[in-house]
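These notes concern the structure reproduced below.
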Amino acid sequence: MTDWAPDSWQGRAAAQQPTYPDPEAARRMVAEIGQLPPLVTSWEVEDLKTQLARAARGETFVLQGGDCAENFDDCRADSITAKLKILMQMSLVLVHGTRKQVVRIGRIAGQYAKPRSSDSEVRNGVSLPAYRGDLVNREAFTEEDRTPDPTLMLRAYERAGLTLNFIRALADGGFADLHHPEYWDISFASGARHHADYVRIVESIRESMNFMTAITGVDAEVLRRVDFFTSHEGLALYYEQAQTRRVPRREGWYNLSTHMPWIGMRTAQLDGAHVEFHRGIKNPLGIKIGPGMNPEWLVALVDALDPKREPGRITLIHRMGAGQVAAKLPVLVEAIQRTGRTVLWVCDPMHGNTETTPQGYKTRRFDKILSEVEESFAVHTELGSHLGGVHFEMTGEDVTECVGGARGLSEIDLERAYRTRVDPRLNYEQALELAMQVARGLRGR
Ligand code: PEP
Ligand code: CO
C-alpha cells in the first residue's frame, strides 16, 4: 500500500476529534508514545483474526463486552477483576448455549475516547468543549479541565498498559477459581421465572468441567493468555496512529494499541479520516452499523477496508434497536451475501435501545436488549446467514444503570448506583442473566 501512511488520515476530514490548542504538542506526544513498547503483539492480532474467521464460518462464537467508556479512576484491581470474571462466566454460559468455543474480547485497555453529539456543552450560559473521554479531556466543567490535553494520551497508554498487565497475569492462571461454577452466585434470580433453567445451566457447566478434568488430568478451566483479547473504538486518531508500526518478519502495519479496533457509527464516512486510517492496518476491524446504514455504503466500506477479502478481517456489528432488526438488517445482509464475502456478524443490542427516564437517566431495558439478540438470530437464520457473536456494554459491579432483569430493577432504582459517565451498562447480575437467556434460546432452537 504505497499511498497510505499512519498519518495519511490527517489529510482527510476527521470527525469527532478534539481540537488541541497546541497541535505541535499533540504531535510530540504521538512521537513519544510511538517509542514505547506495544501493548499487544502482531502474533496475537493475527491469532484473533484467525479466530474471527472461524467465527464468521460458524465454528466459534464471539463475546465482546465491557464499559461504554473506561475511565482512569477505574483502573483498579477490583474493577478489572470483576470485568474479567463476568466476561469469563458469560463466555462459559455461551459455550453451553452454542456448543462452540467462545472467543472473548473485552472493550478494555483503551476504550477511553467517546464520540459526542455536540462539540460543546452549555451550562448556565457557559459553553465549554464536550467531555470526550479521559484520553482527551476531563469531565469537570471548567475551562482548564475541558480543554483537550495531549498528555492524556500518554496517561491512557499507561493505564491501558497497567490494565493489560494485570489481565495477562490473571489470565495466566492466578484466576482459575473464578470460573468454578460452584462459586457462582445465582441466588439473585431465585424468584425469577427461569430460575430452574439457570440452575440447570450452571450445573451442566460444572459437570462438563469435572468431566474434562477427570479425563485429561488437566484443569479444563485453566485460562491461557490467547483466550482474551482487547478492543476499543478506533476514534482518537492521534492515539491510534501513535502505536501503529511495522514489526520484524511481517508485512504491513499493525496498530498495537489493541487487538481489534472498531469504527463507530459516527465516523464511518467513506472519504473520512477513520476509514483512511483503518484501511492501512492489518488488525481485524469492527464496523458498527445502525439503522442509518444503507447497502451501497456498507458494501463500499467493506471494499475499502478489505479489498483482498482476508478471512477474519471484517466484523459487522449491527445495532438496530429492538423491533427494528427485521426491517433494517435483511437488506444489509443480502447486500453482503451478493458480494460473495464471508464476514462475521455480531449483534450489539445496547446502542439501539437507549432511552431517557422522566428523571433524566439514560437507561436500557433488559427485555429489549434480549429481544434484539433474539430478533437478530432469527433474521440471520431466515436469510441463511449466521450470527457469530454478541457485543454488550456491561460491568462486573453492582451498578444500577439498566432496568429489568430478575431483580426487577426499576427506574426509581437507577438513583442508587448510577455510575456510568456515558452509556448505561448491564450490571453483574443482569449480564450473567442475559447470557443465560441467550443460551436458553440457543438450546431451544
Ligand atoms: C459505543 O460502542 O459505545 C458506541 C458509541 O457505539 P455506536 O458507534 O454504535 O453508536
Ligand atoms: Co456506548
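Taking H as built 1.01 Å from N, whose amide H comes closer than 5 Å to the amide H of Leu426, not counting residues under 5 places away?
Under 5 Å from the amide H of Leu426 lie the amide H atoms of Glu393, Met394, Thr395, each far enough along the sequence or on another chain.
Once both labels are modelled 7 Å past Cα along the beta-carbon direction, what's the Lys308-Gln337 spacing in nm?
A separation of 2.9 nm, rounded to one decimal place.
How do the peptides 396-405, 15-24, 125-134, 87-96 rank, highest first, by the average count of neighbouring beta carbon atoms within 10 Å per residue? Walk me through the numbers on the way to the answer.
Details: 396-405: 21.6, 15-24: 15.2, 125-134: 18.0, 87-96: 23.6.
Per-residue mean Cβ counts within 10 Å order the peptides as 87-96, 396-405, 125-134, 15-24.
Starting at the first residue of segment 148-165, write each ³J(HN,Hα) from the Karplus equation 6.51 cos²θ - 1.76 cosθ + 1.60 with θ = phi - 60°, in whole Hz, x for Gly and Pro.
Whole-Hz 3J(HN,Hα) from phi for segment 148-165: x, 10, x, 5, 5, 5, 5, 4, 5, 4, 5, 4, 4, x, 5, 4, 5, 4.
How large is ³J(HN,Hα) for each residue in segment 7-23, as worked out from phi by the Karplus curve 6.51 cos²θ - 1.76 cosθ + 1.60 (θ = phi - 60°), to whole Hz, x for Gly and Pro?
My calculation for segment 7-23 gives 10, 5, 4, 5, x, 10, 5, 10, 6, 6, 9, x, 9, 6, x, 10, x Hz in order.
Can you give me the pair-distance distribution of segment 337-391, C-alpha pairs, 5 Å bins, whole percents?
4, 19, 22, 19, 14, 10, 6, 4, 2, 0
Summing Lys, Arg as +1 and Asp, Glu as -1, what charge do residues with Cβ under 15 Å from the Cβ of Gly292 carry, Gly292 excluded?
The answer is +2.
Kindly state, to the nearest 0.05, the FRET efficiency for Val126 paired with Glu355, given R0 = 25 Å and r defined as their beta-carbon distance.
Numbers: r = 28 Å, r/R0 = 1.13.
Efficiency, from the Cβ-Cβ distance: 0.30.
Around Val62, which amide H atoms from residues at least 5 apart in sequence, or from another chain, sit under 5 Å from its own amide H, with H modelled in the peptide plane?
Val103, Gly389, Val390
Please compute the length gained on full extension between Trp43 and Thr147, using 0.36 nm multiplied by the number of residues separating them and subtracting their Cα-Cα distance. Provide the component values of the computation, followed by the final result.
Numbers: separation 104, 0.36 × 104 = 37.44 nm, distance 3.75 nm.
33.7 nm is the gain from fully extending Trp43 to Thr147.
Compute the distance from the alpha-carbon center of segment 414-433 to that of segment 6-41, in whole Å.
Cα centres, segment 414-433 to segment 6-41: 32 Å.
Can you list residues from other chains, or at least 5 along the same chain, whose modelled amide H is less than 5 Å from the amide H of Gln111?
Glu70
If you take every residue apart from Phe277 with its C-beta less than 11 Å away from the C-beta of Phe277, what net charge results, scoring Lys and Arg +1 and Asp and Glu -1?
Numbers: positive: Arg12, Arg279; negative: Asp7, Glu240, Glu276.
Residues near Phe277 contribute -1 overall.
How large is ³J(HN,Hα), in whole Hz, for each residue of segment 335-343 in order, when computed from phi with the Karplus curve 6.51 cos²θ - 1.76 cosθ + 1.60 and θ = phi - 60°, using x for Gly and Pro?
Whole-Hz 3J(HN,Hα) from phi for segment 335-343: 5, 5, 4, 5, 6, x, 7, 10, 10.
Give the angle, between 0 and 90 degrees and rounded to the nearest 10, that separates the Cα long axis of helix 428-444 from the longest principal axis of the Cα atoms of the chain.
Roughly 60 degrees, rounded to the nearest 10.
Just the number please: accessible area per residue for the chain, 1.4 Å probe, all protein chains included, in Å².
Values: 18090 Å² over 445 residues.
Per-residue value: 41 Å².
With a 10 Å radius around each residue's Cβ, average the other Cβ atoms per peptide and rank 273-279, 379-385, highest first.
Values: 273-279: 22.9, 379-385: 15.1.
Taking the mean over residues of other Cβ atoms within 10 Å, the ranking is 273-279, 379-385.
Once you list every other residue whose beta carbon is under 14 Å from the beta carbon of Asn255, what net charge do they have if Lys and Arg are +1 and Asp and Glu are -1? Walk me through the intermediate numbers first.
Working: positive: Lys49, Arg245, Arg246, Arg250, Arg279, Lys282, Arg313; negative: Asp7, Glu44, Glu46, Glu233, Glu240, Glu276.
Its environment carries a net charge of +1.
The values are calculated or read from the model by the stated rules, or taken from the named source; none is laboratory data. Not measured: the values here are computed from a predicted model. Don't worry about glycine lacking a Cβ; one is built from the backbone with ideal geometry, like all the others, and counts go over all protein chains shown. Accessible surface is based on the protein model in full, side chains and every heavy atom, while ligands, DNA and RNA are left aside. Shrake-Rupley method; radii C 1.70, N 1.55, O 1.52, S 1.80 Å.
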